[in-house]
Amino acid sequence: MGTWGRVLFSYRTGNMKKATEIIKKTELVFIIILLLGMVCSSFLQVVFRLVLKQPLAWTEELSRYLFVWLTFIGGALIVSESGHFKMDILTAFIKGRWVQIVNIIVQIALVIFSIVLVIYGAKLVRMVYTQKSPALGITMSIPYLVLPLNGVLSIIHLIENAIDDLKILLSKQKEVA
């Protein structure tokens, strides 16, 4: 087994698995908190509008920002499970190790997209730092911060998935040899 094989099968991979499991659990908890925040915000809006006849101005905006965060954090969690939208017509016609090769190529393409998302998301966060949201009065960089965060989380998950596919690919090569 070559140097890359030893690196992939080293003890550090076990630590990476533990770290990504912690990240996944944190994402899931964060998604639950965001969903509860949306429900509470919407419930408050209904109560204040229909019962007290005094609608709150900030609840709709808060729900919208929470929904955006929920979508992007959930998207990163979906990437960890390889559940993102993909066309698997090519992998339906190929067999064996070529499936892992195609998966690795797709993951590299997604990493490149995620790097672009991190770079331009960070630029956008810096650009809107001085702008305030109309109802909440918070800096607009907070809602936009989810863009680079999604990119970073997706990169972590994609690297883990690529390592798993590479392990499968190397084990299949070992079986053939």
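The values are calculated or read from the model by the stated rules, or taken from the named source; none is laboratory data. Since the structure is predicted, the reported quantities are computational estimates derived from the model, not experimental observations. Methodologically, a virtual Cβ is constructed for each residue, glycine included, from the backbone with ideal geometry; neighbour enumeration extends over all protein chains shown. Note: areas computed on protein heavy atoms with side chains; ligands, DNA, RNA excluded. Shrake-Rupley method; radii C 1.70, N 1.55, O 1.52, S 1.80 Å.
For segment 34-177, averaging the sequence separation of C-alpha pairs within contact (under 8 Å, six or more residues apart) and dividing by the residue count gives a relative contact order of 27 percent.
Could you provide, to the nearest whole Å², the per residue accessible area of segment 51-177 with probe 1.4 Å?
Value returned for segment 51-177: 62 Å² of accessible area per residue.
The count of lysine pairs in the chain with alpha-carbon distances below 22 Å, taking only pairs 8 or more places apart or on different chains, stands at 12. Summarised as an ellipsoid, the chain has semi-axes of 42, 17, 15 Å, derived from the eigenvalues of the Cα gyration tensor scaled by 5 and square-rooted, with the largest first.
Using only the Cα atoms of segment 12-68, build the gyration tensor, take square roots of its eigenvalues as a ≥ b ≥ c, and label the shape rounded, prolate or oblate: rounded if a/c is under 1.5, else prolate if a/b is larger than b/c, else oblate. Since a/c reaches 1.5 and a/b is larger than b/c, the shape of segment 12-68 is classed as prolate. Enumerate by residue number the trypsin sites (Lys or Arg not before Pro) in segment 50-118 meeting two conditions: DSSP loop (anything except H, G, I, E, B), and at most 16 other Cβ atoms within 10 Å of the site's Cβ. When the trypsin sites (Lys or Arg not before Pro) of segment 50-118 are filtered for loop state and at most 16 Cβ neighbours within 10 Å, Lys53, Lys86, Lys95 remain. Label positions at Val46 and Ala19, each projected 7 Å from the Cα along the C-beta direction, are separated by 4.3 nm.
Inter-label distance, Ile142 to Ile168: 4.2 nm, where each label sits 7 Å from its Cα along the C-beta direction. Placing a label point 7 Å from the Cα of Lys132 along the Cα-to-Cβ direction, the residues of segment 45-73 with a backbone N closer than 15 Å are 58. As a fraction of the 1.4 Å probe accessible area of segment 80-177, surface on carbon and sulfur atoms comes out at 72 percent.
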